[in-house]
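Taking it in order: structure first as structure tokens, then the write-up.
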Amino acid sequence: MIRGLFREPDGWQSGGLLIAIGLFFLGLYAFYGLVGAVGTSSALHFGVLWLLLGIPELLPKERTCIAGGLRIIGLVFAVALLIFYLSRLSIFQ
């Protein structure tokens, strides 16, 4: 598991795809903000999550420690989002 987190960055193909997904969610958040829809914070959360997962893949190959640290931050954010959204379910109220 630790070896997988601190591996070499995958490069522009996978990193660019993750960044594009994140930008899509951020664009969706901006669109709903302009339209005036309420409760679109999930698009912002998922956009930031995908950006956090994509940035480590764009780093140079020799930056394995920084990439691993950013991957850990992304995983912590993903777990925090999971806990946040699960806590909003009616069974936990």
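The values are calculated or read from the model by the stated rules, or taken from the named source; none is laboratory data. No experiment lies behind these values; they were computed from the predicted model shown. Cβ placement follows ideal geometry from the backbone for every residue including glycine, while neighbour counts extend to all protein chains displayed. To get the accessible areas, we keep the full protein, side chains included, count just its heavy atoms, and leave off ligands, DNA and RNA. Shrake-Rupley method; radii C 1.70, N 1.55, O 1.52, S 1.80 Å.
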- [ ] State whether one or more residues within segment 7-14 are assigned to a loop (DSSP other than H, G, I, E, B), open to solvent by less than 50 Å² (accessible area, probe 1.4 Å), more than 21 Å from C65 (Cβ to Cβ) and at pLDDT below 90.
- [x] no
Open item on the list: With touching a Phe, Trp or Tyr at 6+ places or on another chain (Cβ under 6 Å) and small (G, A, S) as the only criterion, which of G4, G22 stands out?
Closed with: G22
Task: Candidate set: segment 24-64, residues that are assigned to a loop (DSSP other than H, G, I, E, B), within 19 Å of P9 (Cβ to Cβ) and not hydrophobic (A, V, I, L, M, F, W, C); chosen: the one least open to solvent (accessible area, probe 1.4 Å) - done: P60
TODO: Run down I91, I83, I21 and say which single residue is over 14 Å from the mean Cα position of the chain (by Cα), at pLDDT 90 or above and β-branched (V, I, T).
DONE: I83
